[in-house]
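Visitor: Can you keep this structure in mind? I'll have questions shortly.
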Amino acid sequence: MDEQRHRVVIVGAGFGGLFATKALRRAPVDITLINGTAHHLFQPLLYQVATGILSEGEIAPPIREVLKRQDNVKTLLGTVTRVDPTARKVSVVAPGIAYEVEYDSLIVAAGASQSYFGKNEFAEFAPGMKSIDDALELRGRIFGAFELAELETDPAAIERLLTFVVVGAGPTGVEMAGQIAELAHRHLPGQYHNIDPRQARIILIDALPTVLSTFGDHLSTQALRQLHKLGVEVELQTKVVKVDETGIEVETVDGHKRIESATKMWAAGVAAPPLAKQIAEATGAETDRAGRIKVNPDTTVPGYPEIYAVGDMMALADLPGVAQVAIQGGRHAAGQIRKRLAGEETGQPFKYFDKGSLATISRFSAVASVGKFHFAGLLGWLLWLVVHLLYLVGFKNRVTAVMHWFVSFIGRGRSERVATFQQVYARRALQEYQDKLP
């Protein structure tokens with residue numbers, strides 16, 4: 001009878017989980033990859049789905065297709081709700097079913113959730129940007145706002161519908177604001193009879209005193225200048241205190257004010273998923289303010305050398321919650337498992353190589369920080385283009401993305417403007433379903 005091979009369970013098929021899985025392709029292990037959806041999500045391009053540039057399929061290939069040539073992996077649909085470190089098993093729920101999976105090594109790469117800083121009620125009126133559902137809902141809200149404004153006769157209602165508020169001036173918020181401005185000022189004019197899309201207001205809000213604060217003063221200033229050229233109103237040192245169906249209330253250096261707006265989107269703050277808290281409680285590990293697990297230098301959970309937490313799940317050396325940290329962390333965890341199975345010494349610290357930060361503002365304009373080098377404008381945009389093409393999974397996805405970028409950036413069209421009522425109003429039904437999960 002054959003001896004059972006080492007069982008590796010990987011939670012999450014984002015950058016950390018997917019790259020960890022691939023790094024174990026030739027290892028003598030049996031991998032079970034568990035993910036809440038059947039697709040891998042290239043999250044940095046979600047804003048392009050929301051603004052009609054790309055389709056969801058171009059940034060979310062099926063996991064089974066991505067891994068179809070890897071024989072040692074089994075993919076399961078489900079959300080891991082509990083890890084039992086003593087019995088070495090995980091509890092999983094999927095629509096209509098619950099099951100358990102045992103492991104010898106566990107890599108937890110469940111990503112992050114949107115943080116509303118304790119005001120989760122804001123989510124109903126200001127969707128985040130963490131999933132395909134979020135992006136499609138925002139697409140429906142953005143394009144739907146122009147359609148409803150075309151029907152209105154009340155100037156106040158038209159102004160409210162054509163006011164778009166983006167909360168959070170990090171890369172996602174800046175990219176969203178820039179693309180909505182391009183929609184209003186470049187792509188949509190001439191397509192409506194009763195409204196002028198160029199009259200739309202795009203407002204970018206952040207509690208910090210700068211946009212793209214992690215990019216440094218020079219690139220932050222360049223980005224702010226480009227946003228102003230696009231007509232984006234940037235309100236810094238501004239804190240959101242209330243969000244409702246028809247507007248948003250903020251506290252500024254000049255006092256309290258209300259902005260009437262039908263379409264709000266939230267790109268400020270992330271938090272670890274509930275699973276991080278459960279693992280911390282089960283293992284006695286500490287967490288940081290965002291709920292991430294404080295791991296050992298080798299990314300293992302203290303006291304449990306068989307459990308690795310990577311990407312947005314881990315708090316280690318103030319590393320940022322970006323794709324490269326997850327990719328390199330997943331590969332590091334996989335490498336540690338290979339070393340252990342080979343009888344080699346393990347425990348080597350995770351060393352992160354910073355490949356830089358990128359954010360696109362508008363067509364042919366982006367900012368990039370790569371080590372000591374800083375790029376802005378066309379050169380930054382070309383670097384952004386190359387990097388994102390490099391990390392898009394699948395040749396087909398790269399080809400169709402280039403085609404749609406050509407239509408959007410060279411021409412004046414948007415390839416993906418289909419929006420449905422279901423996309424806009426399904427959030428409540430999804431929340432009710434999630435509330436029923438154990």
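All of the numbers you see were taken from the coordinates with simple rules; none came from a lab. In this text the structure is predicted, and so the values were computed from the model without any measurement. Virtual Cβ from ideal backbone geometry, glycine too; neighbours counted across all protein chains shown.
Visitor: Using θ = phi - 60° and the Karplus curve 6.51 cos²θ - 1.76 cosθ + 1.60, what whole-Hz ³J(HN,Hα) does each residue of segment 3-19 get, with Gly and Pro shown as x?
Guide: Per residue, the Karplus-derived 3J(HN,Hα) values read 6, 5, 7, 4, 9, 10, 9, 10, 9, x, 10, x, 4, x, x, 5, 6 Hz.
Visitor: Sort 133, 206 so that the residue with the fewest other Cβ atoms within 10 Å of its own Cβ comes first and the one with the most comes last.
Guide: Exposure proxy ranking, most exposed first: 133, 206.
Visitor: To the nearest 10 degrees, how steep is helix 323-341 against the longest Cα principal axis of the chain, on a 0 to 90 scale?
Guide: In the chain, helix 323-341 runs at an angle near 10 degrees to the longest axis.
Visitor: As a footprinting exposure proxy, order 313, 129, 176 by other Cβ within 10 Å, with the fewest listed first.
Guide: Lowest to highest Cβ neighbour count: 129, 176, 313.
Visitor: If you don't mind, there's one more thing I want to ask. As a footprinting exposure proxy, order 351, 294 by other Cβ within 10 Å, with the fewest listed first.
Guide: If I rank by nearby Cβ atoms, fewest first, I get 351, 294.
Visitor: Looking only at 396, 277, 372, which one moves most when the chain is put into a Gaussian network model with springs between Cα atoms under 10 Å?
Guide: 372
Visitor: Using a Gaussian network model on the chain with a 10 Å cutoff between Cα atoms, which of 64, 225, 427 fluctuates the most?
Guide: Its mean-square fluctuation being the largest, the pick is 225.
Visitor: Now for a separate question. Could you calculate the FRET efficiency of residue 196 with residue 94 from 1/(1 + (r/R0)^6), where r is the beta carbon distance between them and R0 is 56 Å, rounded to 0.05?
Guide: Efficiency at R0 = 56 Å is approximately 0.70.
Visitor: Taking the Cβ-Cβ separation of residue 407 and residue 288 as r and a Förster radius of 41 Å, what is the calculated FRET efficiency to the nearest 0.05?
Guide: 0.45
Visitor: Can you compute the modelled spin-label distance between residue 246 and residue 74, with each label point 7 Å from Cα toward Cβ, in nm?
Guide: 5.6
Visitor: State, as an integer percentage, the relative contact order of the chain based on alpha-carbon contacts under 8 Å between residues 6 or more apart.
Guide: Averaging sequence separation for qualifying contacts and normalising by length gives 20 percent for the chain.
Visitor: Enter the angle in degrees (range 0 to 90, nearest 10) between the Cα long axis of helix 274-283 and the first principal axis of the Cα atoms of the chain, meaning the one along which they spread out most.
Guide: Around 30 degrees separate the two axes.
Visitor: So, one more: Mark the label point 7 Å from the Cα of residue 399 along Cα→Cβ and return the residues of segment 33-54 whose backbone N is within less than 20 Å of it.
Guide: Once the point is set 7 Å along Cα→Cβ of residue 399, 54 turn out to lie under 20 Å by backbone N, inside segment 33-54.
Visitor: Hey, another quick one. Under 15 Å from the Cα of residue 396, which aspartates and glutamates turn up, not counting those fewer than eight places away in the same chain?
Guide: List returned: 56, 58, 65.
Visitor: Note the full-extension length gain between residue 421 and residue 277 as 0.36 nm times their separation in residues minus their Cα-Cα distance, in nm to one decimal.
Guide: 48.3 nm
Visitor: Run the reach check for residue 22 against lysines, Cα to Cα strictly under 17 Å, same-chain hits fewer than 8 apart removed. What comes back?
Guide: 68, 74, 339
Visitor: Show which lysines lie in cross-link reach of residue 119 when reach means a straight Cα distance below 24 angstrom and same-chain residues fewer than eight apart are skipped.
Guide: 130, 239, 242, 257, 264, 277, 436
Visitor: Still on this structure: Put a dot 7 Å past each Cα toward the Cβ at residue 153 and residue 342; how far apart are the dots in nm?
Guide: 7.7
Visitor: For residue 32, list long-range residues whose amide hydrogen, built 1.01 Å from N in the peptide plane, is under 5 Å from its own amide hydrogen.
Guide: Here 8, 9, 10, 74 satisfy the definition.
Visitor: While we're here: Expressed as an acute angle from 0 to 90° and rounded to the nearest 10, what is the orientation of the C-alpha long axis of helix 217-229 relative to the principal long axis of the chain?
Guide: 40
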